[in-house]
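> Please read through the structure below; I'll follow up with questions.
The values are calculated or read from the model by the stated rules, or taken from the named source; none is laboratory data. Quick caveat, the model's predicted, so the values are computed rather than measured. Cβ placement follows ideal geometry from the backbone for every residue including glycine, while neighbour counts extend to all protein chains displayed.
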Amino acid sequence: MLGKKRLGVINIFGKFFLRGISLSNVGRTIKQELAKIRHDLEEHLQTINENTNEIVANYEYICEIEAKLDRLSARIDEIQMFLESNGAALTRRSNFEVKKLSRMEQQVFLVIYTLEEEKGSITYDDIAEKLGISGHLAASYVTSIIEKGVPIIKCYLNSKPFLKLDPVFKTLQTKENILQLSLEEFGF
């Protein structure tokens, strides 16, 4: 008896709100539309998974290339040190063409210049700590400085870069102030 009343109420509301459209047809239509949506979402999920796999594979290739470049750079450094220790004179340029550095690049340069006196070779983290920036940002500034013509030598030890200024450039910077920097201006 209760079941018949419930069906009667549903039919009354169905007729009132849907104006004669059968609830069973509406239910079927909704199920069909939800099935289409589910199918579309499954296709999107499959595409996302395929893209994710491709991204992971590309990332792995990039990591392999970076590791190979680090090993190659370390090997080149070893060869250079071997040649220098055996008296082979490496030609160094003494005519430096340096583009104007930004204010922050000047600060990074001065940190390298001054910390090298204290520590010898320095790391990106040393620069970052001194200037209160991230190691990644310090690396970015060093790259920019190198691209502008400042000869910074990178030596790798256990795939970690250590930086120092080219000695000839450092001597010229000391004598001629090629970059036109003032240590007092930056608080050094």
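> I'd like to know if segment 153-175 contains one or more residues that are modelled with pLDDT of 90 or more, surrounded by fewer than 12 Cβ atoms within 10 Å (Cβ to Cβ), outside the structural domain of residue 76 (by TED's automatic domain parsing) and not polar (S, T, N, Q).
There is no residue in segment 153-175 that is modelled with pLDDT of 90 or more, surrounded by fewer than 12 Cβ atoms within 10 Å (Cβ to Cβ), outside the structural domain of residue 76 (by TED's automatic domain parsing) and not polar (S, T, N, Q).
> Collect the residues in segment 137-151 that are crowded, with 18+ Cβ neighbours inside 10 Å and either more than 19 Å from the chain's Cα centre (by Cα) or in the same structural domain as residue 72 (by TED's automatic domain parsing) (or both), keeping them in residue-number order.
Of everything in segment 137-151, just one residue is crowded, with 18+ Cβ neighbours inside 10 Å and either more than 19 Å from the chain's Cα centre (by Cα) or in the same structural domain as residue 72 (by TED's automatic domain parsing) (or both), namely 150.
> Right, another one. Does segment 119-134 contain at least one residue that is in contact with a helix residue (DSSP H, G or I) (Cβ under 6 Å, 6 or more places away or on another chain), among the aliphatic types (A, V, I, L, M) and under 24 Å from residue 78 (Cβ atoms)?
Yes: one or more hits.
> Another one. Given the criterion of a type in the set (D, E, K, R), modelled with pLDDT of 85 or more and either closer than 20 Å to residue 143 by Cα or assigned by TED's automatic domain parsing to the domain that holds residue 162 (or both), identify the matching residue among 93, 71.
Unique residue meeting the criteria: 71.
> Only one residue in 87, 132 is more than 30 Å from residue 68 (Cβ to Cβ) and at pLDDT below 85. Which one?
87
> A further question on this structure: Among the listed residues 37, 62, 48, identify the single one that is aliphatic (A, V, I, L, M), modelled with pLDDT of 85 or more and under 30 Å from residue 159 (Cα atoms).
So the residue among 37, 62, 48 that is aliphatic (A, V, I, L, M), modelled with pLDDT of 85 or more and under 30 Å from residue 159 (Cα atoms) is 62.
> If you don't mind, another one. If you go through segment 137-166 one residue at a time, how many are part of a helix (DSSP H, G or I) and either hydroxyl-bearing (Ser, Thr, Tyr) or in contact (Cβ under 8 Å) with a residue 12 or more places away in the chain (or both)?
Within segment 137-166, residues that are part of a helix (DSSP H, G or I) and either hydroxyl-bearing (Ser, Thr, Tyr) or in contact (Cβ under 8 Å) with a residue 12 or more places away in the chain (or both) number 8.
> Quick check on segment 97-136: of everything there that is in contact (Cβ under 8 Å) with a residue 12 or more places away in the chain and of a type in the set (Asp, Glu), which residue is surrounded by the most Cβ atoms within 10 Å (Cβ to Cβ)?
Top of the filtered list is 126.
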